[in-house]
Each structure stands twice: as C-alpha cells, then as structure tokens.
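Colleague: Quick one: structure below, then a few questions.
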Amino acid sequence: MIAGSNLEYVLSSGEFAVTGELGPPKNGDFDVVREKARILRGHVDAVNITDCQTAIVRMSSLAAGLIAMAEGVEPVMQMTCRDRNRIGMQSDILGAAALGIKNLLCLTGDHQKFGNHPHAKGVFDMDSIQLLGMVKDMRDGKRFQCGEVIKNYEPRLFLGAAANPFADPFEYRPVRLAKKVDAGASFIQTQIIYNVDKFARFMEMVRDLGLHEKVYILAGVTPPKSLGMARYMKKFVPGLDVTDDVIKRLQDASDQREEGINICVDIINRVREIPGVAGVHVMAIEWEEAVADIVSRAGLSARPEPRGIEPCLISSGTIEEVVSKAEEQIRAELEKQVDQARTEAAASRDLVTKEKEKAAGEISELKSQLDRLKDMADREEIKQKQLAEELAKTRAALEKARGVSEAGMVCKSIVEPQGVAAEAAPVSEIVSGEALSLREQRALQSINKGLEALRKILGLTEDQLEALKSFFEAEFLLHMGEGQPAAAASAVPEPPRVQIAEPVPELEEAVEPAAEEVAAAEAEEMSVEAAIEEEAPPAGVAEEPMPAGIPPCPPELSPDEWKRKWVVRLTARGNVLLHKREVQEAESAFRQALKIDPGYEKARTGLERAGKREAVPEVPEEKPASPEAEKEVAPAVEVEELPEAPVPESEAAPPEEKKPEAKRAASLAVEAEGVEISTLELAEEAATLMERAGSIPQDMIMEPASGVIQEVVIGDGEKALTVGGSSALPFHLFEGDMPNSPRIAYEILDMEPEEWPEPLMKYYSDVASDPVAWAKKCVEEYGAEAICMSLVSTDPNGVDRPAGEAARVAQSVVDGVDVPVILWGCGNADKDTETLREVTNLTGSKKVCIGPPTDVNYRTLGATAMAFQLPVVAATPIDVNLAKQLNILLENLGMSLNQILMDPSIGAAGYGLEYTYSVMERIRLAALTQQDDKLQVPFICNLGREVWKAKECRLPSDPLMGDQERRGIMMEAVTASTLLLAGGELMVMRHPKAVSLTESLIRGMM
Amino acid sequence: MIIAERKPMQEILGMTAGMKKVLVLGCRGCVAVCSAGGDKEVSILSSALRLGRKMSGEKIEVLEETYVRQCDPEYLEPLRESGKDYDAVISMACGVGVNFIADCCRGVRVLPGVNTTFYGANLSSGEWKEMCAGCGSCVLHLTGGLCPVARCAKSLSNGPCGGSVGGKCEINPDVPCVWQGIYDKLTYLRQEQNLREITPIRDWRPAGHGGPRRRIREDLLS
C-alpha cells in the first residue's frame, strides 16, 4: 500500500472501481458539499473534488474534500498548476496529508482565459508531469522540490493524473501517458469518452507500451443531461469527441435525461470490455443524483465496504446522528419508565376505587345498623309511652278505688304497678334528655367500630383516626345521626387523594437522572408530566357530541374553538346579510349563532338590529364582521384557511361548482405540500360607490375618460381572447366601461428551464423538457386561457438553437393547444426576426401573437405580422415616449393599433415595480384623458420571469423569511395585482397558485 | 527584435494635458523597424498632438527629434541639458529608452509614447509574432527550435495539454499549438527521444523571477 486509501484498496484488489466527481460551490456553503457528498455516498469508491475547474473560483478542493470525508466519502483532491507556485503547492500537499487526504490528482489546469477571472496571471510554475514528480519525490524521496529533507511525516498520497485520448497528436498521447506514469502516477482518469472506438485504439497503444500493467486506468464517462449540453460539448469543449450517434440518440429520445443515462451506461458496459480498463470515473456535472442510477444500471452498485477513511472533521450531521440515536434510546427508556409508572398509578387507583367501594359498603352497613338501633329506640319509646299510659290508667283506677273502697285491697294491687313504675323510670329519663346517652353510646360504639375497620382498610394513622373520630362524634351530636352520611361522603374522598399523589414523585425521580444526561429530554419529561396530569379529561371532552347545525370539527381544532369560530362566522354572515337588507336570512344566521352560544353578545345585538331592520352602523361596508371576527374570517377578502370547511359567506358560487376551477383546485391541493394558499374568493361589494359616497357630489368623485383603449383580439376560434376596450381607469367601473376583464397567460419555455426555483419548478418538472406537454398541462390542468412561450433556446448567447428547429417546436405547441399562444422571442433582434419569421411561415395566420419587435427590428417583424394579420407585442425600455414612438413607427409601417400590445418593461415588486407602475399609469392617463390615440393600446405585462429571478423567490425557506413557495407566490401575485391596478390587460405569469390568486382578484374586482 | 505599438492618442493627450512645450523623441532601433517609433512615427505623433490640442482650443509647441538609439548613453548626451527646456519628452523608444532617459537625464520629465509588447519576428508587413520570452535558460535545442515558454499558453515543458486539437491551442483557434509543432518537428528530425524524456521543473530565476537581471563581461569593462 502506498497511502492506504479506499481507492487504492479497491484498485489493488482487482475490483472494477467507480469514482465520482464533486464540484465545490461558488460560495462558502458547507451544506452544498455535504448534500452532494451524501448523494454520492455508497455509490462510488472515491470522489474527485475539483480544483476551481474551468478556472472559476470555487471552494478549495482541500476544504471541500474534508467536508466530503466527514460524510464518509473518500475524496480525491485535485491540484492544478495554474494558481500556485511550488511553494504554495507543497504547503497545501503537507496540509492535505496532515488532514487525512490520501488521493491526489495532479493536473496542469484549465487556462484562466476560460474562467471568471480571465485577467488573472497564470502561474504555471510547472506542469502536471513535473507536479507528479515533485509529489512522488516528497513521498518516496522525503525531499522537498528544492532538495531539502522532509524530516518526518512525509506526505503519503496515492497519485493520479489525467489523460485525454481524444486530443492531438493522437499518437503522442500514450507516450505522454507513459511520462506521467514514470513521473509517479498510480492511476489515470481519462477525458469523457463518447467515441469508444477511438478510446479502444488508444488503449491498444497503451497496452503496447505495457502501461496497463503499471497504472490503473479509469475511463471517464458523463451522462449528457440534454441535447443542448451534448451539442455544446461537441462544439465548444476542445479535446472532447461527442459522436453524431450520441447526438442522434438524444435527438430521437422522448426523455433526454433518461436517454442520457442510457448512453452513459452503454459506454460503461463497452469500456469495461476493453483490456486494461480498471474502472470508470463518472462525471455527472451538477447532476449528482444520476450517479446512483448509472451505477446500478451498469451493475456496479455493490461497492466494497469503504476502508481507510479517517475524517478529521466530524460533520454536524454525524453528531446529530449520534445525538439523535442517544436521544431515541433515552426516550425509549423514559417512555418505558413512564408507562410503568402509569400502570402502577392505574393499579393503585383501581385499588383505591375498590377500597372506596368497600368503605362505602361498610358505611352503609353502619348506617343500617344505626337505623336498626334507631328503630329499636323508637319501639322502646312507644312501649314506654304505652307503659306510662297504662301506669296513668292504673293510677287513675287506683285513685278511684282508693276513693271508693278500703285501703287493704288497694295496697295489694298497688305493689304490682310499682314494679312497672320502677321500670318505667328510665323511660321518663329518656324523654327528659338524660336517657339519650344510651342510644348515643350504642351508636357511637358502632361508629367507632366502623372507623376502626376503615382505618385498617385505608391504613390511616392513629392521629388521622382520632381526627376522623372526633369529627364523626361532633357531626353525630350536631345532627343526631342524620349528619352521618354527609360526614362519610366528605371524609371518604380524602384518603384516595393521598394515595394518588404518590405515583408522581416516584415518576419524577425516575425521570430526573435521565434528564441530566440529555438536555433535550427535558421537554419530553415535561410533556410526560403534563400527560399524566391531564390524563383522563381530554378523552371525555373529545367524545362530547357537537350541537346540531355545526359541521364536523376539523381535526386541528378543539371542539370548543371550532364552536367559537363557527359562531363568529355565523355572526359575520348575519352582518353581511343584514347589510344586504336580507333581514330574514340574517336573523336566522344570528339565531343559529345564539343557539350554539347563547351568550355571544355580537350575535344578540345583530339580532336586535335585524329586528329593527337597520343596517350595520358605524362599521364600514368593507368590514361587516366584528373586529374579532376579522381575524377568523377576513371580511372583504376572505382567504379560506380551512380547506375542508364550507364557505358560508361567499355569495358567489363556491369554486367547487365551476368545473375547470374545481379541477384545478383539486390538482393544486394534491400538489400543495405545506403551502396553504388555496383559492381565494372576494366577497362581493354590497353597496355601489355612489351609495357609499353618500352626500358627496358626483362631479367631485367622477372623472370620466374621453378616450377608449383599443380592443385587441389574440387567437382565433372559440378560445380567442379579446383584451382592452376599456373607457375608464382600471376597475373604475363607476366611471366607464371595462368590457373585457384582464387575462392571464401561462408562461412556458421552449427548453428545460435552468434557473427556475424548486417551488415553481415542481409544478412543471414532469413536463419541463417537452414544451407541448407543458402547454397542455397548463391548459388542461391549470385552466390556462393563453400560453406565452418564451423562445429562450434561440438566444445566440445561450444554446443558440437554429431558428428552423425552434420554429418547429413552436408550431407543435401552437397545434397542440386550442388556446391562443404568444410567442416571445429571446430578445436578440436579429435572431428573433429570423425565428419568428420561420414560425409564422409554419403556422400562418393561426392564433399566434408574436413579439417583441423593438426599435431595431420593428420593420421586419412588423412586416411579418402584417402579412399574417397577427397581433404583436411592442417592447420598449420603460418610458412613455419610447413606447409611443414604437407604436407610431409600427403604425407608419401600416399596422393598425388594434394589432399592438404594449410591453412597457416590467419590474417585480421590490425591483422597480413602482417605476413600472407610474409609467403605466401615465401612459394610461394620457390615453384616456388626453386622447393620445397612439397610446390607446392594451398593456401586456410579462412579469413571471421578472418575479422568479428575484432573490426573494430564490432564497430557501427559513424562519425569518418564511416558506419559500408562499413567498414566491405572494411576490408574483402582488406584482400582478399592482400591474392590474396600473392598467395591465394581459399578464404573463408562471406559478399556478399565483395565477389563481390573481384571477380571483380580477373576478372580485369586475 | 523588440516589438512596440504606439499608445492610444487619448492616453498621450491625457498625459500631456496642460503642457505647453514637448519634445517627441524617436529611436532608430527596434521600434523604427517595427514601425512604432522611428522618424516617420515621430512626425505622425507630433502632428496628431498639435491637431488634438487645436481641437480642444489649447496651444502646444511640439518639437521632433530622432536618435540612433536611446539605449546607449552617448546618444542621450545632448538631451541632458536640452531636455530641461521642455515640459516633457515623449520617448517613442521601447521601455528601455524611457527608463534610460529617466536614469541619465536628471531634471528631464520623460513620458512613454509606446507600449512595449514582446520579442517577436516580422511575419509579413504589418504582422509581428512573439517568438521568445527572454526566459534566460534556452531549451530550444530540445524542442526543435520552437519555444514552449513563449509560445505555449501554459508554458508547458512536457508536451501538449488535453486542449490541443487539430494543431490549434484551446485558448483560441487562431493560435497554433506550439507542442503540435514541436512534435511534428522532432518526429521529422527523428529526435522522438526528446518527447519521451521528462523535462524537470525549471529554474525561473534567469527569467527575471530572481530580481532585475544584469549581465557583466569583465573583459569589456572599462
């Protein structure tokens, strides 16, 4: 082993090696490297970390390599001779070795002319072969380049180099490869191979020189991401041989990405057969996701377990992983303990209930005993009374007898009744009060017995028993036995309280030590405690049935909240109805509200008002609901936040009833992931402006226009759109007419968008590579009324697709959908003229609008448009006079003003929107009030492209800026709303949800 | 020969702004041969200066003179005194002349009239091409007489990089790849061995990276 790297292990074991490529970012973002490394991990044996490839400044190879290593991916550090002299290079080599880098690829480097700093001084102190020699000498000779000895820790690096089999002179290439091997290269990665035949010839020469025995050769492959990329490489990358076969395969493919991967896999399979090829180097440039696919389809997915990776950085991800594992363990442990505590608590509670029942049984027994005693006492009393009566009778008879006859007879008869009297004495005592002690004593005895039993059962202390006893005695004396049940009832629940309290401290003890170990577990502990505290109640509440007349409660709300919300909603609805003088309905709404919540003040006052048939006073029309309700149910513009709930306020038919919209709503709902902007509906304005103006004289608020905007028809047939025609400022319907409502066209590109942010792209990613499918999706799924196709691929500074080819794509889009299509050039006057002329030759006079003619090419484009009677988009830099001038020029050419749409140049919100607004407003005022007929032309606002390139739409979601998609949608919708108010008649937009928001605004305003 | 080209007129007008009297001083050495600073170019520049000033409504007195060379002290002798009469002397010699006047003639303000560009050959009338970098350690015996230091964009020592296609350099299709030339030449001369041997890392001190260069010949020192 030279350096003991994973790559070296794999290659020396004879395994077919796979290496990948990772381009560090053009910024200092740690996460970019980490993400790329994670994508590649497990699919390759090592990853090249490029060193400012194509001379563009990027994060250094060493730093990015360390990050990759921390993710468990072995880096192959690249080093070029362009940017450092021998001092800098040797210094970095020592550093790399110290930090655990074990592979080094030595390159001369691309010339600085190709990068973003073409004015830089290229260093080129040495070339790649000399670099290899230098590093080899540092490693094996333990010497710096100057000859000085490296005393300890010489850099142990597995050295690689590049070879280009397709550069000239072809015959010299293997010889030069031999030089690299001689200089110290242990492995070679080749330039991207498309021409496998030529590579095979190269390998033959390599084998003739015996080099395949001395060096591991890894064949370089790259999946072409698109036809455009393949063409670019063929045309502009020197030393890259892209075959016509590859171009043709991509051209014929329905899915270019898929075909690109297939091409790559085919090449891998072919080069594997060539003797001397030890592996492949897969360079999926900015397409790291493809690597896994390629590797698995090539049957190379079983990579050997990595060895020799010794990261000196530990990535936060790894730490997180370890911590979360520990956290999970502790949580499981805690949960177990909590469960145990909970079952114990439940068991003890059961015990308590049982004992409570037992005690209750005892008490009732005591009570019945008491009752019996009482009965006995009563019976005795009656007996005594009878005896007393008898005694009295006897006495009376005795008196009588005494009075009538002799004493002797009488004396005898007296003796018997005296015994009775003696016995009767206690009875009289009872009656007098003192004799109660007998009954009392018996009763108290029984109570004491009962309490003793209770004490045993409940395990009370002597003191407790004593207290209880005295309490009972007092109760008994006070209430003469009747108080007993009350006392028992109040006394019994006490002991269970003592019992239940016990499990909690136990639980706390169990939880605390764990909490000390991991701070994160604290929250868990609290929630556990909370859970125990309110264990029983929530279940009971949840089962409570909803009062009649309320829809089922949505899961995210508690029934009470939902009830309250519903009441507020009903009240708001009542207010709205009341305002519309629909008193009966209003009353029923208020009544419903009161039925659910009789105490709701606002509903009651509403009902009273309804009784008096008066409109809501004070609160302006736009705010029919109370301030509280405003939060729940935004009054004028109601954004429905709970998608499942019905919309009681909206007077307009709910979106579900409109077929295309329903379809769109459904598809949006499916795609919406976490973004809750659903279709919004505007409440209809209840009172006209005149009504609201009250006593203000009309001429003070009215400013009727004298001019009329031209009507422009785009497209033909049923789906043709007419825009313009208004004779008032936008939406000033009280001043004039606006016969055609503003329209929205969906923007599509004629090639796969490169810089559309993900929240926008996700709606189109399935169709982005196919403009026809894209257009169809917009029309069929999102209900687009028009399509605006940007011919960006024709840009001579970009892909530079030939005009004829672009025209054919445009034609298939025009034929593929039945809505009007606006074809928007790339902005290069000459190329646009050429492309659009080609398009119109193919499509003829069919439903197309073309643009933008500028002051440079208006003659040629205008002539084309005139020939086919097509409307055009006249684009000018944002300025009233320039806009007017172009209209005049086009008119002079012979075009009619009703064939022109003005593009005033748009700025997104925050990017010059206010300037756009003021210029548009000035144009519109000139057109309407100053009869400037050259400006009486509708506006087209291509705003989607401006909005979505704004930084605000590209920054990822974060707590400060909020959700990225929501932000983008709002940016686009707000920009569109502003432009609508400035007079825009045709909006070109991108995000389906922003379109939906804007459409509902238009519906509400018209 | 040293190749130079006249500085843009605007730049010269800028550096002489406000001056009333200047001398345009030519050289009959290299710059005369490459038509940048000989007698003819001196009078062209002088006229242009006068015209330029006239257009902006300012007066200037421009005198013309051309020396045999400006890089030998004896030729500069008269300028030591006469140079002080001018607001500035615009030297149309290569950078050597400008430096040398500044060194030798105290009190004389000297301005460059040309940009000194490279050591080159005259391919045809009006076309010059860099052939030597003055690197101080010539390797032309190993490379068939073609210089990779001056004529390769990366000054490679060990053969062409991967960007050499069809005999052209990757930086510009108008630039020939000198290594293709070296390969062809050495193959023709049957010196392929030179192509197989590794050229070691260069010592760049003779190329000027060791500080300003100087050459002394004891036998000629007076």
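Residue by residue, here is whether (1) out of contact with any helix residue (DSSP H, G or I) (no Cβ under 6 Å at 6 or more places or on another chain); (2) within 14 Å of chain B (Cβ to nearest Cβ) holds:
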{"residue": "A:ASN48", "(1), (2)": "yes, no"}
{"residue": "A:LEU66", "(1), (2)": "yes, no"}
{"residue": "A:VAL73", "(1), (2)": "no, no"}
{"residue": "A:VAL76", "(1), (2)": "yes, no"}
{"residue": "A:ARG84", "(1), (2)": "yes, yes"}
{"residue": "A:ALA96", "(1), (2)": "no, no"}
{"residue": "A:PHE114", "(1), (2)": "no, yes"}
{"residue": "A:ALA120", "(1), (2)": "no, yes"}
{"residue": "A:PHE124", "(1), (2)": "yes, yes"}
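Colleague: If you don't mind, another one. I need every pair where a residue in the stretch A:703-724 that is within 16 Å of A:ARG743 (Cβ to Cβ) has its Cβ under 7 Å from the Cβ of a residue that is at pLDDT below 80 and open to solvent by 60 Å² or more (accessible area, probe 1.4 Å), sequence separation at least 6 or different chains.
Modeller: Listed by first residue and then by second, the contacts come to A:ASP716/A:LYS846.
Colleague: Looking at B:GLN193 and the list (1) under 20 Å from B:MET131 (Cα atoms); (2) out of contact with any helix residue (DSSP H, G or I) (no Cβ under 6 Å at 6 or more places or on another chain), which single condition is not satisfied?
Modeller: B:GLN193 satisfies all of (1) under 20 Å from B:MET131 (Cα atoms); (2) out of contact with any helix residue (DSSP H, G or I) (no Cβ under 6 Å at 6 or more places or on another chain) except (1).
Colleague: Filter the stretch A:737-752 down to the residues that are surrounded by 18 or more Cβ atoms within 10 Å (Cβ to Cβ) and not aliphatic (A, V, I, L, M), then identify the one that is farthest from A:SER957 (Cα to Cα).
Modeller: Restricting to residues being surrounded by 18 or more Cβ atoms within 10 Å (Cβ to Cβ) and not aliphatic (A, V, I, L, M), the top hit is A:ASN740.
Okay, residues lined up against (1) at pLDDT below 95; (2) among the hydroxyl-bearing types (Ser, Thr, Tyr):
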residue: A:SER5; (1), (2): no, yes
residue: A:GLY42; (1), (2): yes, no
residue: A:VAL57; (1), (2): no, no
residue: A:MET89; (1), (2): no, no
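Colleague: Taking the residues in the stretch B:77-100 that are crowded, with 22+ Cβ neighbours inside 10 Å and under 22 Å from the mean Cα position of the chain (by Cα) as candidates, determine which candidate is nearest to B:ILE3 (Cα to Cα).
Modeller: B:CYS94
Colleague: Residues B:SER164, B:SER157: which one is closer than 21 Å to A:GLY109 by Cα, buried (at least 16 other Cβ atoms within 10 Å of the Cβ), in contact (Cβ under 8 Å) with a residue 24 or more places away in the chain and facing another protein chain (nearest Cβ under 7 Å)?
Modeller: The conditions single out B:SER157.
Colleague: Among the numbered criteria (1) within 23 Å of the chain's Cα centre (by Cα); (2) buried (at least 16 other Cβ atoms within 10 Å of the Cβ); (3) more than 7 Å from chain A (Cβ to nearest Cβ), which single criterion is violated by B:PRO206?
Modeller: (2)
Colleague: Ok, one more. Name the strands (runs of 3 or more DSSP E) wholly inside the stretch A:817-918 in which the number of residues that are of a type in the set (Phe, Trp, Tyr) and closer than 29 Å to A:ALA976 by Cα is 1 or more. Walk me through how you get there before you give the answer.
Modeller: On the way: elements: A:821-824, A:848-851, A:872-875, A:900-903.
Result: A:821-824.
Colleague: Right, next: Go through the stretch A:145-166 residue by residue and tally those that are open to solvent by 20 Å² or more (accessible area, probe 1.4 Å) and more than 14 Å from every other protein chain (Cβ to nearest Cβ).
Modeller: 7
Colleague: Among the candidates A:SER348, A:SER364, A:SER368, single out the residue that is surrounded by fewer than 11 Cβ atoms within 10 Å (Cβ to Cβ) and either over 36 Å from the mean Cα position of the chain (by Cα) or part of a helix (DSSP H, G or I) (or both).
Modeller: On the way: A:SER348 fails: surrounded by fewer than 11 Cβ atoms within 10 Å (Cβ to Cβ); A:SER364 fails: surrounded by fewer than 11 Cβ atoms within 10 Å (Cβ to Cβ).
From the options A:SER348, A:SER364, A:SER368, the qualifying one is A:SER368.
Colleague: To continue, here is another question. Scan the helices (runs of 4 or more DSSP H) fully inside the stretch A:194-278 and keep the ones with 1 or more residues being hydrophobic (A, V, I, L, M, F, W, C), more than 30 Å from A:ASP800 (Cα to Cα) and open to solvent by less than 30 Å² (accessible area, probe 1.4 Å). Even if it seems obvious, please write down each step before you answer.
Modeller: On the way: elements: A:196-208, A:227-236, A:244-252, A:256-272.
Answer list for the stretch A:194-278: A:196-208, A:256-272.
Colleague: Another question, if that's okay. Could you check A:GLU718 against (1) in contact with a helix residue (DSSP H, G or I) (Cβ under 6 Å, 6 or more places away or on another chain); (2) assigned to a loop (DSSP other than H, G, I, E, B); (3) open to solvent by 10 Å² or more (accessible area, probe 1.4 Å) and say which number it fails?
Modeller: The one condition A:GLU718 does not meet is (1).
Colleague: Could you check the stretch B:209-222 and list, in sequence order, the residues that are more than 14 Å from chain A (Cβ to nearest Cβ) and open to solvent by less than 90 Å² (accessible area, probe 1.4 Å)?
Modeller: B:GLY211
Colleague: Looking only at the stretch A:765-795, how many residues end up being open to solvent by 50 Å² or more (accessible area, probe 1.4 Å), touching a residue at least 24 places away in the same chain (Cβ under 8 Å) and over 13 Å from A:PRO753 (Cβ atoms)?
Modeller: Taking the stretch A:765-795 first, the residues open to solvent by 50 Å² or more (accessible area, probe 1.4 Å) are A:765-766, A:769-770, A:776, A:780-781, A:785, A:792.
In the following step, the residues that additionally are touching a residue at least 24 places away in the same chain (Cβ under 8 Å) were identified as A:769-770, A:776, A:781, A:785, A:792.
Now drop any that are not over 13 Å from A:PRO753 (Cβ atoms), which leaves A:776, A:781, A:785.
Summing the residues that are open to solvent by 50 Å² or more (accessible area, probe 1.4 Å), touching a residue at least 24 places away in the same chain (Cβ under 8 Å) and over 13 Å from A:PRO753 (Cβ atoms) in the stretch A:765-795 gives 3.
Colleague: Given (1) surrounded by fewer than 23 Cβ atoms within 10 Å (Cβ to Cβ); (2) modelled with pLDDT of 85 or more, where does A:PRO871 come up short, assuming only one miss?
Modeller: A:PRO871 satisfies all of (1) surrounded by fewer than 23 Cβ atoms within 10 Å (Cβ to Cβ); (2) modelled with pLDDT of 85 or more except (1).
Colleague: Which of the residues that make up the stretch A:726-735 are in contact (Cβ under 8 Å) with a residue 60 or more places away in the chain, open to solvent by 10 Å² or more (accessible area, probe 1.4 Å) and of a type outside the set (S, T, N, Q)?
Modeller: Answer for the stretch A:726-735, where residues must be in contact (Cβ under 8 Å) with a residue 60 or more places away in the chain, open to solvent by 10 Å² or more (accessible area, probe 1.4 Å) and of a type outside the set (S, T, N, Q): A:LEU729, A:PRO730, A:PHE731, A:LEU733.
Colleague: Return the residue satisfying two criteria in turn: it lies in the stretch A:181-193 and is assigned to a helix (DSSP H, G or I) and either more than 10 Å from chain B (Cβ to nearest Cβ) or aliphatic (A, V, I, L, M) (or both), and of such residues it is nearest to A:LYS234 (Cα to Cα).
Modeller: The extreme case among them is A:VAL181.
Colleague: Okay, next question. If I filter the stretch A:167-180 down to residues being buried (at least 22 other Cβ atoms within 10 Å of the Cβ) and of a type in the set (A, V, I, L, M), which single residue comes out as farthest from the other protein chains (Cβ to nearest Cβ)?
Modeller: Among those residues, the one meeting the criterion is A:LEU177.
Colleague: Test each condition in (1) within 23 Å of the chain's Cα centre (by Cα); (2) under 25 Å from A:ALA161 (Cα atoms) for B:GLY181 and report the one that comes out false.
Modeller: (1)
Colleague: For a quick check of your reading of the model, give me the residue pairs whose first member lies in the stretch A:918-937 and is in contact (Cβ under 8 Å) with a residue 40 or more places away in the chain, whose second is among the charged types (D, E, K, R), with beta-carbon atoms closer than 6 Å and at least 6 apart or on different chains.
Modeller: Hits for this filter: A:ALA926/A:ASP932; A:LYS934/A:LYS884; A:LEU935/A:LYS884.
Colleague: A follow-up question, please. Given the residues A:ALA96, A:ALA63, which is the only one that is assigned to a helix (DSSP H, G or I), in the same structural domain as A:GLY279 (by TED's automatic domain parsing), open to solvent by 20 Å² or more (accessible area, probe 1.4 Å) and within 29 Å of B:CYS161 (Cα to Cα)?
Modeller: Every option except A:ALA63 fails the conditions.
Colleague: Any residue in the stretch A:814-838 that's assigned by TED's automatic domain parsing to the domain that holds A:TYR782: show its pairings with residues that are charged (D, E, K, R) and in a helix (DSSP H, G or I) at Cβ separation under 7 Å, as long as the two are six or more apart or on different chains.
Modeller: Once the first residue is assigned by TED's automatic domain parsing to the domain that holds A:TYR782 and sits in the stretch A:814-838, its partners that are charged (D, E, K, R) and in a helix (DSSP H, G or I) give A:GLY816/A:LYS776; A:VAL817/A:LYS776; A:GLY825/A:ASP832; A:CYS826/A:ASP832.
Colleague: Ok, one more. How many residues are open to solvent by 40 Å² or more (accessible area, probe 1.4 Å) and either aromatic (Phe, Trp, Tyr) or within 11 Å of another protein chain (Cβ to nearest Cβ) (or both) if we restrict to the stretch B:167-182?
Modeller: 4
Colleague: Something else now. Out of A:ALA183, A:ALA200, which single residue is closer than 23 Å to A:GLN78 by Cβ, of a type in the set (Gly, Ala, Ser) and either at pLDDT 95 or above or out of contact with any Gly (no Cβ under 9 Å at 6 or more places or on another chain) (or both)? It would help to see each step written out before you state the result.
Modeller: Values: A:ALA200 fails: closer than 23 Å to A:GLN78 by Cβ.
From the options A:ALA183, A:ALA200, the qualifying one is A:ALA183.
Colleague: Mind checking which residues of the stretch A:697-715 are assigned to a strand (DSSP E or B) and among the hydrophobic types (A, V, I, L, M, F, W, C)?
Modeller: Once the filter is applied, which keeps residues that are assigned to a strand (DSSP E or B) and among the hydrophobic types (A, V, I, L, M, F, W, C), the stretch A:697-715 yields A:VAL712, A:VAL713, A:ILE714.
The values are calculated or read from the model by the stated rules, or taken from the named source; none is laboratory data. Treat the numbers as computed from the prediction; the structure is a model and nothing was measured. Don't worry about glycine lacking a Cβ; one is built from the backbone with ideal geometry, like all the others, and counts go over all protein chains shown. Just so you know, the surface numbers come from the protein's heavy atoms only, side chains and all, with ligands and any DNA or RNA stripped out. Shrake-Rupley method; radii C 1.70, N 1.55, O 1.52, S 1.80 Å.
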